[in-house]
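Trainee: If you scroll down you'll find the structure; I have some questions about it.
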Amino acid sequence: MKVGDLVKWFWFLDTDWAQTHFIGVIVGSKLYKNVTRYDKCIVFQVLVNNGQVVQVREDEDSLELINVS
């Protein structure tokens, strides 16, 4: 996935297990590395429909690519 791609995902609310669905456009990304364990993870900055930019990890199970830019 890259900047400009349209993605969707959902999160569970802790109180009643209801799903909250999100859709947005990737506007940036950052690579995080753990040198001691050789782990890495990309975190996407996603512009959602209410104008906020939220962060979503690339390994989020529900993250789905809708449209390629």
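Trainee: Could you tell me which numbered condition H21 fails, if it satisfies all but one of (1) of a type outside the set (F, W, Y); (2) surrounded by 11 or more Cβ atoms within 10 Å (Cβ to Cβ); (3) in contact with a Phe, Trp or Tyr (Cβ under 8 Å, 6 or more places away or on another chain)?
Mentor: For H21, the exception is condition (2).
Trainee: Tell me which residues, restricted to the range 5-57, are among the aromatic types (F, W, Y) and modelled with pLDDT under 95.
Mentor: W9, F10, W11, F12, W17, F22, Y32, Y38
Trainee: Residues to consider are V3, V56, V7, V27; find the one that is assigned to a loop (DSSP other than H, G, I, E, B), in contact (Cβ under 8 Å) with a residue 24 or more places away in the chain, of a type in the set (A, V, I, L, M, F, W, C) and out of contact with any Gly (no Cβ under 6 Å at 6 or more places or on another chain).
Mentor: On the way: V56 fails: assigned to a loop (DSSP other than H, G, I, E, B); V7 fails: assigned to a loop (DSSP other than H, G, I, E, B); V27 fails: assigned to a loop (DSSP other than H, G, I, E, B).
On inspection, the qualifying residue turns out to be V3.
The values are calculated or read from the model by the stated rules, or taken from the named source; none is laboratory data. Since the model is a prediction, treat every value here as computed from it, not as a measurement. We place every Cβ from the backbone using ideal geometry, glycine too, and count neighbours over all the protein chains shown.
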